[in-house]
Amino acid sequence: MRRGERLEVDRMIRRLARADIPRVLALTNSVGWSYDAADIERLMMLSPEGCLVAEAGGSPVGFASAMPYGSRGFIGNVVVEELRRKTSIGKDIVQEAIAHLQGAGALDIRLYSYTHTEGFYERLGFKPGAYLTTMKRTAGPTNEAPKALGMTDVQLSEVCAQDRNVWGADRSAVLKCHRNSCPELAMVAGKGRGYIFGRGSAASGFEIGPWVSRGGEGDALLPAFIGKAGGSEIWATCFEENDRAVQMLRSAGFAPSFRTREMALGRTAAPIAMDIMTVSGLELG
C-alpha cells in the first residue's frame, strides 16, 4: 500500500495537512499525551513528508510521524482512534512510515514502544531492545540553579557534531529547533563535557532532552535546567540500564511514571552510550 492509495472505499494514508491539526490533537490527547498545536506544527516543520494521517470516512483516524536522520530513522506518535484499533489501520500507517524512512536512506529504523504494544511492532519485523523509563518531577520550589552557559550558534554547531558521535546519526535539525524554540533551556557544560535541551512552557510543563553528560560539569546541567524551569512540572526519559542517569533523576525529585522499550528494524541496536542521560523524546529519538 502506497500513500494516497485507497485501502477500502473510504480509507487512505496521506500527508498531514494543517486543517487536520485539531483532529490529530483530539487523537493524541485521547491517550493522555497533552499535545498542543505548536507540538504538531514543530513535527510538520521537521519532517513535512513524514507526518502521516490515516483517513477514514473523510476524517483522520490515525496519526504517525517519521523522522529521517540520514542512515537512521525514527517513528513516533503512532495513535489510532480507539474504535478502529482492531483494524489494519495501525499496521498500514506504520508500514507507510517505514517506507518513507527507507526512501530517505534509512537502514536502521527505531521507535519507543509502550510495553503493551511490543507484540504489534514485533509482527512488523521490529526487534526489542533496551527499556526506558519516563520520569516526572512535579511542580514545586527549586534551589538556586548552578550557573550554566547558554548556547551560542558556534556552540550549537559543536554540540550537533558531538551528538552525531554519541547518538549515531545527524539530529542537527531537531537540536536547532529545540534551541530556537526554548533558548533559555539549551545549555552547554565546558568544552565537550555535555549539553542539555528542553522544550515546553511554564503552563504545560517542560521535557528534558536530549541531555548528554560526561560527568562533573555535564551532570550540573540537570539542576541548572530545573532552576530555569522555575518550579514547573518536568518530564525526562532515560535508558534504565544507565544507572547514573536514573539515580541523578531520582535524587533531583523525579519519580518513574511509565516504561517503554526501544524497537529496531534493520541494523542491530548498538550498546547504549552511557553519556546519554535522557533521550530527545519518545517521538524524536
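Structure above, values below:
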{"read-out": "Hits among lysines - C-alpha to C-alpha of LYS86 under 24 Å, sequence gap 8 or more where chains match", "value": "LYS127"}
{"read-out": "Estimated FRET transfer efficiency when R0 is 35 angstrom, pair SER257-LYS91 (beta carbons, to 0.05)", "value": "0.80"}
{"read-out": "Counted charge near TRP33, where neighbours are those whose Cβ lies closer than 12 Å (Asp, Glu -1; Lys, Arg +1)", "value": "-4"}
{"read-out": "Hits among lysines - C-alpha to C-alpha of LYS191 under 17 Å, sequence gap 8 or more where chains match", "value": "LYS147"}
{"read-out": "Alpha-carbon centroid distance for the pair the range 170-244 / the range 36-115, whole angstrom", "value": "25"}
{"read-out": "DSSP loop trypsin sites (Lys or Arg not before Pro) with at most 15 other Cβ within 10 Å: longest gap in the chain", "value": "7-84"}
{"read-out": "The range 11-106 - Rg (one decimal) and Dmax (whole number), Cα, Å", "value": "12.4, 36"}
{"read-out": "Simple spin-label estimate for THR117 and ALA37 in nanometres, 7 Å along Cα-Cβ", "value": "2.6"}
{"read-out": "Scattering curve values for the range 135-278, log₁₀ I(q)/I(0), Debye with Cα scatterers, q = 0.19, 0.20 Å⁻¹", "value": "-1.19, -1.31"}
{"read-out": "Dipole in debye (nearest 20) - the chain, about Cα centre, beta carbon charges: Lys, Arg +1; Asp, Glu -1", "value": "240"}
{"read-out": "Radius ratio Rg over Rh of the chain, counting only Cα atoms, Kirkwood formula for Rh", "value": "0.96"}
{"read-out": "19 Å Cα-Cα reach of LYS91 towards aspartates and glutamates, excluding residues that sit fewer than 8 places from it in its own chain", "value": "GLU5, GLU8, ASP10, GLU49, GLU55, GLU81, GLU82, ASP108, GLU118, GLU122, GLU262, GLU283"}
{"read-out": "Rg and Dmax [Cα atoms of the range 50-96; Å; Rg one decimal, Dmax integer]", "value": "11.2, 36"}
{"read-out": "Highest-fluctuation residue, SER113, SER34, SER65 considered, GNM on the chain with Cα pairs under 10 Å", "value": "SER34"}
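None of the figures in this text is laboratory data; all of them are computed from the coordinates on show. These numbers come from a predicted model, not from an experiment. A quick note on method: Cβ atoms are made from the backbone with ideal geometry, for glycine too, and the neighbour counts reach across all protein chains shown.
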